[in-house]
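Quick notes on the structure that follows.
Computed from the coordinates by the stated procedures, all read-outs in this text should not be read as laboratory data. Note that the structure is predicted; figures quoted are calculated from it, not measured. Here the Cβ positions follow ideal geometry from the backbone for every residue, glycine too, while neighbour counts run over all protein chains shown.
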């Protein structure tokens, strides 16, 4: 009796090639299968020769091709499978739910959001519905490409704003929103945010302003402020704060923490997410990699920063040690609204295009592994060149 490994509903199982009964593979065996995609491809091809309509074997073949960087063949196998069996358009769906019937298919390709070039090469193709529900509103087959001009890694065919809105409504219907923090959770977040505020004080202003009796409060804007924990910590440390977040957290933060907040516009981050005003520090969280035009977004940030102001970007970087270890198994490659996966070098490119230069990179208090804090200032030389 011979067992053939493959993946279904996001989990690796082993199949008896004679009677087709299945059992879940142990984690150690899963790692061995994932580490040997060539073998998995050969076994899947053998199953398909015996049973051409074997959907699970075709999925295993597509997965193996993706790990072997045979991107064109991986894409063809994934798309053939989705057309044959709609269950593979929403792999994370419970077995009790019917397969999606309103699958909308592919989206339009877009140029590089940093340099607007169409010239690119594929770097990864996979089925994102292993990690996220799609409900038929998203194309489950995602291709990431690398721009040949500026080397920015991006989604080749990102979902439209309307599709993301439909997906967001479906998600909110099926998944309860995260509740506001408890007293204990807020206390922990205040403690976690202290080192980050220390960095901002040292890099943004030094500590001399703390010793001045009539020193003005430094003005801080946080875009992506969530329930307001960082804003509360910054207020406690002497900052005058403003947050930008969704409606429910904005109301809660204003009522319970006393921090002023602005409700963010619907859709992917744009310049409209940056409110009017002048700020000494602007913090962007989970913003840059979801923006369709990160350069324009940063140019708006530059106009809102006071002279000598500090920009802080919390972002998952592709060349972070944790991301390197996870590779394409990291679920962030599957995030529906994520459009760009910056490295330190490509983030520096878009910063420079908007007139910034990075001055430091630190690990944030964010518990999400692989996240970095990038600190940047306006580049005076860039300003001089623009005015000459």
Would you calculate the separation in nanometres between label points at residue 329 and residue 161, each defined as 7 Å from the Cα along the Cα-to-beta-carbon direction?
3.8
Spin-label point model (7 Å from Cα, Cβ direction): what's the residue 38 to residue 345 distance in nm?
2.8
Could you check the spin-label model distance between residue 97 and residue 173? Points 7 Å from the Cα along Cα→Cβ, value in nm.
1.0
Rounded to the nearest 0.05, what FRET efficiency do residue 183 and residue 296 have when you use their Cβ-Cβ distance and R0 = 35 Å?
0.30
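Just check segment 183-387 against the gyration tensor rule for me: Cα atoms, a ≥ b ≥ c as the square roots of the eigenvalues, rounded for a/c under 1.5, and otherwise prolate or oblate depending on whether a/b exceeds b/c. Kindly include the intermediate steps, with their values, before the conclusion.
Values: a/c = 1.40, a/b = 1.11, b/c = 1.26.
Cα axes put segment 183-387 in the rounded bin.
Using a Förster distance of 41 angstrom, determine the FRET efficiency expected from the C-beta separation of residue 322 and residue 255, and round it to 0.05. Walk me through the intermediate numbers first.
Working: r = 36 Å, r/R0 = 0.88.
My answer for the efficiency is 0.70.
Using 0.36 nm per residue of separation minus the Cα-Cα distance, give me the extension gain between residue 49 and residue 83 in nm, one decimal.
Working: separation 34, 0.36 × 34 = 12.24 nm, distance 1.95 nm.
So the chain would gain 10.3 nm between residue 49 and residue 83.
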